[in-house]
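Asker: Input: one structure, supplied below.
The values are calculated or read from the model by the stated rules, or taken from the named source; none is laboratory data. Only a predicted model underlies this, so the values are computations on that prediction, with no experimental measurement involved. So basically every Cβ, Gly included, is an ideal-geometry build from the backbone, and we count neighbours across all protein chains shown.
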Amino acid sequence: MGFGMSWPTNTTDIIDEIRYTIGRDILINVRVSGTACPDCSLDSVTNLSTDPFCATCAGEYWLNTISGVTCSAHVRWKSTDQPLRVAGGIIDEGDCYVTIALSGHLGCVQSSVSYVVDDKLMYMKNYKVRGVPQPNRITVVLLEDKG
């Protein structure tokens, strides 16, 4: 005897409408290309510069071009969520959680460099693809740049 569950056919549209209504725009800074540093050479073992003190690339060798992608997100700050308490103490799960649509954004999340949420610079800790019966959203855990 199996348990059958029927899902409405337009759940993705409903979730997107909710996100657009209660969400706000965030900026995802994405690495779109990398060019070689003109002032140093590449160490093929480390994929970094042979000159760790290069003034142009700071020892990275690759000069990246960054592009910003704006999307609507449901934003939750850490202060509104309970911390994860375990026997050994509190686990830092992130400063901010953003949930965005999966469609068209997975590549941006995977190649993201940084995020701007509520005028604060953030860095990705991890992300999860979510949704039932089909994945339809991405939850990204962000850490605030304290520097």
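Conditions tested, residue by residue: (1) over 11 Å from the mean Cα position of the chain (by Cα); (2) among the small types (Gly, Ala, Ser); (3) surrounded by 15 or more Cβ atoms within 10 Å (Cβ to Cβ); (4) at pLDDT 90 or above.
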residue	(1), (2), (3), (4)
His105	no, no, yes, no
Met122	no, no, yes, yes
Val132	yes, no, no, no
Val140	no, no, yes, yes
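Asker: Which count do you get for residues in segment 100-141 that are touching a Cys at 6+ places or on another chain (Cβ under 9 Å) and among the charged types (D, E, K, R)? Break it down stepwise before answering.
Answerer: As a first pass, look at segment 100-141 and keep what is touching a Cys at 6+ places or on another chain (Cβ under 9 Å): 100-101, 104-105, 108, 115, 117-118, 120, 122, 140-141.
Still in the list and also among the charged types (D, E, K, R): 118, 120.
Of the residues in that region, 2 qualify.
Here's the yes/no breakdown for (1) of a type outside the set (A, V, I, L, M); (2) not in a strand (DSSP E or B):
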position: Val98; (1), (2): no, no
position: Cys108; (1), (2): yes, yes
position: Val113; (1), (2): no, no
position: Met124; (1), (2): no, no
position: Val132; (1), (2): no, yes
position: Ile138; (1), (2): no, no
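Asker: Under the condition of being among the hydroxyl-bearing types (Ser, Thr, Tyr) and modelled with pLDDT of 85 or more, which residue from segment 63-86 is farthest from Cys108 (Cα to Cα)?
Answerer: Within segment 63-86, the subset among the hydroxyl-bearing types (Ser, Thr, Tyr) is 65, 67, 70, 72, 79-80.
Now restrict to residues that are modelled with pLDDT of 85 or more: 67, 70, 72.
Values: Ser67: 10, Thr70: 10, Ser72: 13 Å.
It comes out as Ser72.
Asker: Could you check, for segment 12-26, whether at least one of its residues is of a type in the set (A, V, I, L, M), within 26 Å of Ile138 (Cα to Cα) and either buried (at least 17 other Cβ atoms within 10 Å of the Cβ) or touching a helix residue (DSSP H, G or I) at 6+ places or on another chain (Cβ under 7 Å) (or both)?
Answerer: Step one: of segment 12-26, the residues of a type in the set (A, V, I, L, M) are 14-15, 18, 22, 26.
After this cut, where a residue has to be within 26 Å of Ile138 (Cα to Cα) as well, the list is 14-15, 18, 22, 26.
Adding the requirement that they be either buried (at least 17 other Cβ atoms within 10 Å of the Cβ) or touching a helix residue (DSSP H, G or I) at 6+ places or on another chain (Cβ under 7 Å) (or both) leaves 26.
Checked segment 12-26: at least one residue is of a type in the set (A, V, I, L, M), within 26 Å of Ile138 (Cα to Cα) and either buried (at least 17 other Cβ atoms within 10 Å of the Cβ) or touching a helix residue (DSSP H, G or I) at 6+ places or on another chain (Cβ under 7 Å) (or both).
Asker: For segment 41-62, does any single residue satisfy the condition of being in a strand (DSSP E or B), under 14 Å from the mean Cα position of the chain (by Cα), closer than 27 Å to Val116 by Cβ and modelled with pLDDT under 90? Steps first, answer last, please.
Answerer: Step one: list which residues in segment 41-62 are in a strand (DSSP E or B), which gives 42-43, 48-49, 62.
From what is left, the residues that are under 14 Å from the mean Cα position of the chain (by Cα) are none.
Scanning segment 41-62, I find no residue that is in a strand (DSSP E or B), under 14 Å from the mean Cα position of the chain (by Cα), closer than 27 Å to Val116 by Cβ and modelled with pLDDT under 90, so the answer is no.
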